[in-house]
1. Failed condition for LYS73, given (1) within 26 Å of ASP177 (Cβ to Cβ); (2) surrounded by 15 or more Cβ atoms within 10 Å (Cβ to Cβ); (3) of a type outside the set (Ser, Thr, Tyr), with all others met?
2. Would the stretch 157-177 turn up any residue that is farther than 17 Å from THR57 by Cα, modelled with pLDDT under 90 and touching a Gly at 6+ places or on another chain (Cβ under 8 Å)?
3. Scan the stretch 30-55 residue by residue and report those that are of a type outside the set (Asp, Glu) and outside any loop (DSSP other than H, G, I, E, B).
4. How about the stretch 56-151: which strands (runs of 3 or more DSSP E) wholly inside it have at least 2 residues that are assigned by TED's automatic domain parsing to the domain that holds ASN172 and of a type in the set (Lys, Arg)?
5. With LEU51, LEU4 as the choices, which residue is more than 30 Å from PHE158 (Cβ to Cβ) and at pLDDT below 90?
6. Only residues that are surrounded by 15 or more Cβ atoms within 10 Å (Cβ to Cβ) and either outside any strand (DSSP E or B) or of a type in the set (S, T, N, Q) (or both): list them for the stretch 160-184, please.
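The values are calculated or read from the model by the stated rules, or taken from the named source; none is laboratory data. Computed from a predicted model, the values in this text were never measured in an experiment. Cβ sites come from the backbone with ideal geometry, for glycine too, and all protein chains shown count toward neighbours.
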Amino acid sequence: MRLLRLVPSLLLFIVAAPLVAQEVAVEQLTLDQLYSSRDFFGQRFGPARWLDGGMYTTLERSADTPGGRDIVKHNAQNDEHEILVAAATLVPAGQEQPLSISNYIWSADHSRLLIFTNTRRVWRANTRGDYWVLDLASGELRQLGGDAPESSLMFAKFSPDGTRVGYVSENNIYVEDLATGNIT
């Protein structure tokens, strides 16, 4: 008796399954579409930096400065956000375009921002480039490294008190005082 009920259900499934499986003709993908076009690129997120109190910062396309990116602070609890560093602030003296930020690091007290830009590849990663420091209180933006060649600084970090930055250039370690600009 049970088998008699199962047979019609099974027949219905067998007949209906091919109907569902039929698809509309789909264009075939080409290697050009996959590797040369941006059709399949996902949107990038970050780099994100966590702050105290459930806040974090990200780089986002600027609405006011074409080609620039703002650093925006987000509240993870309620989705509020505010622009901390506008792209217009990141335009060096004598230039028209803002810095193209590859990475950034906050000082421990969040009063300064270390910006990594103009990167060059060393082995597998972009570890060589230029570093800039933005003083958020004064708005001063200045490049580190003195007369070092372009894109030659590596691995820059703030000192624990945020008054100096250490970096590597041409296989030597340097420390630059942010108040005086002295390099040792």
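1. LYS73 satisfies every listed condition except (1).
2. Within the stretch 157-177 (the criterion being farther than 17 Å from THR57 by Cα, modelled with pLDDT under 90 and touching a Gly at 6+ places or on another chain (Cβ under 8 Å)), the answer is no, since none of the residues qualifies.
3. LEU31, GLN33, LEU34, TYR35, ARG49, TRP50, MET55 - these are the residues of the stretch 30-55 that are of a type outside the set (Asp, Glu) and outside any loop (DSSP other than H, G, I, E, B).
4. Output list reads 112-122.
5. LEU4
6. Selection gives GLY162, SER169, LEU178.
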